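Below you'll find the structure, written out as structure tokens, and then a few comments.
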């Protein structure tokens, strides 16, 4: 038996072993545990967001938020924080949101004179605990890529040449 096919197989398997090791080498986070061991969710991947409408501040919103799951079409948690000129909370609104509702995050001047509105979105179970207060906090934070096709094409670009090279070596 020639050494090239054996070497190609060895390299392919060692690459896969390294990939598997990096996938399983980190510690679990709270989000991992919630994802792996959900309480009775209405559908796979179900999650909750803090939910309130025009609460006077973040404490009142989070304290009285109902404990309900987001609808299936919602993938994110949305927060809107209205503040006066001194930075004091004027109102807080939080809810489940779709991708379209999360595309305009950031801070802007309010229609109320001297007030500022900051909005943010996040992905994950009850991830909208804090409220956005400035441009640094007013972001759209996701834990997974927005386009699943980008993720698959990256894996294909890595493994396809190895597979083709191995097949070529086996056939020659």
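The values are calculated or read from the model by the stated rules, or taken from the named source; none is laboratory data. Note that the coordinates shown come from a computational prediction; the quantities given were computed from them, not determined experimentally. We place every Cβ from the backbone using ideal geometry, glycine too, and count neighbours over all the protein chains shown.
Table for the structure above
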{"read-out": "Single unsatisfied condition, residue 17 versus (1) modelled with pLDDT under 70; (2) touching a helix residue (DSSP H, G or I) at 6+ places or on another chain (Cβ under 7 Å)", "value": "(2)"}
{"read-out": "Looking only at segment 95-123, and only at residues there that are farther than 13 Å from residue 78 by Cβ and part of a loop (DSSP other than H, G, I, E, B), the one that is modelled with the lowest pLDDT", "value": "112"}
{"read-out": "Members of segment 47-80 that are touching a helix residue (DSSP H, G or I) at 6+ places or on another chain (Cβ under 8 Å) and outside any loop (DSSP other than H, G, I, E, B)", "value": "52, 55, 76, 78"}
{"read-out": "Qualifying residue in segment 33-45 (condition: modelled with pLDDT of 95 or more, buried (at least 16 other Cβ atoms within 10 Å of the Cβ) and within 18 Å of the chain's Cα centre (by Cα))", "value": "no"}
{"read-out": "Single condition residue 170 does not satisfy, out of (1) more than 21 Å from residue 57 (Cβ to Cβ); (2) modelled with pLDDT under 90; (3) out of contact with any helix residue (DSSP H, G or I) (no Cβ under 8 Å at 6 or more places or on another chain)", "value": "(3)"}
